[in-house]
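Nothing in this text is a laboratory measurement; each read-out follows from the coordinates by a stated rule. Only a predicted model underlies this, so the values are computations on that prediction, with no experimental measurement involved. Every residue, glycine as well, gets a Cβ built from its backbone with ideal geometry; the counts of neighbours run over all protein chains shown.
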RNA sequence: CGGAGUGUAGCGCAGCCUGGUAGCGCACCUGCUUCGGGAGCAGGGGGUCGCAAGUUCGAAUCUUGCCACUCCGACCA
């Protein structure tokens with residue numbers, strides 16, 4: 001993309017409505033625009049990040065055997081009345097009426113609808129297990145939206161729903177999602193610690209929240225320092241290997257980690273030596289539940305077993321805050337100059353900076369590199385504007401692309417260009433071909449197309 | 001929803017107390033000079049002062065009501 005043809009309204013001053021750093025940086029980098037409290041437009045740069053996050057989530061859900069569907073944002077109230085949650089959900093649910101006066105709602109979640117879909121489509125035990133998910137906008141009319149996209153009222157969420165014949169089988173479905181979440185967040189460069197959690201209004205008896213550590217997090221968290229030594233890479237695993245999947249889950253759940261609601265100070269002291277006890281604040285980026293027959297019972301979601309008997313389906317649900325992650329990743333990865341994107345979610349991989357637009361040799365060199373990088377699968381934002389060099393560097397640092405490729409007449413005279421690593425600040429001068437090779441390799445290594 | 005606060009140009013702000021028809025910085029446009037880490041000079045464009053009613057000869061400014069947004073608390077991806 002050529003910056004001269006792009007739409008990226010960056011700001012030098014911080015809009016006063018933004019309190020936390022991720023919100024400030026998203027606004028300053030021209031990623032989002034607030035439309036009303038807790039509701040945002042995603043501008044081109046922000047939208048690219050959102051799509052990258054969504055892509056990783058989708059790839060890992062698919063890998064774990066979940067099947068993607070798309071349910072509507074608007075739902076009829078009927079299903080919710082059947083599950084008794086129409087009343088329970090309270091003012092958080094945005095209720096609307098259609099022209100016939102029918103009660104409708106903007107979905108805050110989809111347990112009822114997916115259960116109904118599944119009930120209608122499956123009659124035999126032979127059709128289980130299954131896991132269906134979608135990535136769709138939700139609306140929850142929060143009492144107090146805040147922190148930009150981290151706690152919006154309208155937000156993009158991945159929600160998956162598992163259907164099993166027995167509680168044991170349901171446990172494996174739960175464990176698969178647990179592992180898929182570890183992989184998903186690892187690919188985004190995050191260490192998301194699984195913590196025991198309250199089940200809240202969703203209900204059920206087994207639940208974990210995945211939290212990343214950040215000072216601005218909304219939950220107080222208590223955990224074992226040993227988590228830092230875990231293998232957080234997106235390790236390979238055979239999801240059909242029930243024992244192995246359970247082992248990974250056991251490994252992560254053996255260590256103490258809990259949010260304040262579930263925290264037990266006595267147990268913490270008993271299980272974790274003092275030197276390893278850590279506390280801090282965390283941002284919840286994922287939440288998984290196993291709730292058994294809570295929805296299948298009232299909605300009559302059953303299948304016929306081998307002996308002709310009726311089996312009530314055991315279910316779980318699994319959420320990831322896709323739009324929240326955009327803010328959460330920035331909270332976890334930024335410095336004084338701006339955002340520092342992990343390669344896998346960066347809006348572009350490389351910022352190509354032309355230091356002297358209008359200089360024939362420099363323009364030609366930039367164009368050549370731009371085309372070659374594109375062919376190598378590297379996404380490039382080419383700053384071909386006639387801004388001053390200083391301003392260009394500030395902008396590049398602000399928007400946080402992982403690499404900057406800096407091309408100017410002085411370097412070209414010596415046959416070199418400069419490559420800057422945004423994260424480390426390291427700069428290297430090398431011939432254009434070598435720079436190209438280096439960037440292509442770095443992006444291939446870290447970009448992690450699943 | 002309880003408490004606190006803010007609405008004046010795209011963004012950040014001053015002006016309001018003590019009414020007289022709107023200003024600063026950045027950004028934007030034009031020209032010249034500059035040009036390897038947010039340039040200088042000169043000229044220029046842009047605002048129903050959140051909305052409505054009231055007081056007044058006259059309201060950004062005073063009064064009342066409403067709306068929007070932000071922050072602090074209880075819930076959640």
Legend entry - Criterion violated by residue A:313 - all others in (1) buried (at least 23 other Cβ atoms within 10 Å of the Cβ); (2) closer than 29 Å to residue A:52 by Cα satisfied: (2)
Inset, instruction - Could you look through segment A:1-11, keep only residues that are in contact (Cβ under 8 Å) with a residue 60 or more places away in the chain and touching a helix residue (DSSP H, G or I) at 6+ places or on another chain (Cβ under 7 Å), and pick out the one that is farthest from RNA strand B (Cβ to nearest atom)? - result: A:6
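Only helices (runs of 4 or more DSSP H) wholly contained in segment A:12-83 count here; list those with 3 or more residues that are away from RNA strand B (no atom under 16 Å from the Cβ) and under 30 Å from residue A:127 (Cβ atoms). Talk me through it step by step, then tell me what you get.
Details: elements: A:21-28, A:44-63, A:77-82.
Where helices (runs of 4 or more DSSP H) fall fully within segment A:12-83 and carry at least 3 residues being away from RNA strand B (no atom under 16 Å from the Cβ) and under 30 Å from residue A:127 (Cβ atoms), they are A:44-63, A:77-82.
Determine if segment A:289-301 includes at least one residue that is out of contact with any strand residue (DSSP E or B) (no Cβ under 9 Å at 6 or more places or on another chain) and away from RNA strand B (no atom under 16 Å from the Cβ).
Here is the first cut: in segment A:289-301, the ones out of contact with any strand residue (DSSP E or B) (no Cβ under 9 Å at 6 or more places or on another chain) are A:298-299.
Retained after the next criterion (residues that are away from RNA strand B (no atom under 16 Å from the Cβ)): A:298-299.
Yes: segment A:289-301 contains one or more residues that are out of contact with any strand residue (DSSP E or B) (no Cβ under 9 Å at 6 or more places or on another chain) and away from RNA strand B (no atom under 16 Å from the Cβ).
Within segment A:372-419, how many residues are assigned to a strand (DSSP E or B) and crowded, with 19+ Cβ neighbours inside 10 Å? Break it down into steps so the answer makes sense when it comes.
As a first pass, look at segment A:372-419 and keep what is assigned to a strand (DSSP E or B): A:380-383, A:403-407, A:417-419.
Among the residues that remain, those that are also crowded, with 19+ Cβ neighbours inside 10 Å are: A:380-383, A:403-407, A:417, A:419.
Of the residues in segment A:372-419, 11 are assigned to a strand (DSSP E or B) and crowded, with 19+ Cβ neighbours inside 10 Å.
Looking for whichever is within 30 Å of residue A:110 (Cα to Cα) and part of a loop (DSSP other than H, G, I, E, B) here; the options are A:209, A:215, A:261, A:284. Which one fits? Step through it out loud before you land on a result.
Working: A:209 fails: part of a loop (DSSP other than H, G, I, E, B); A:215 fails: within 30 Å of residue A:110 (Cα to Cα); A:284 fails: part of a loop (DSSP other than H, G, I, E, B).
Residue meeting the stated conditions: A:261.
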Inset, instruction - Residues that are within 16 Å of RNA strand B (Cβ to nearest atom) and crowded, with 20+ Cβ neighbours inside 10 Å: find the strands (runs of 3 or more DSSP E) completely inside segment A:87-204 holding 3 or more of those. - result: A:130-139, A:154-164, A:192-196
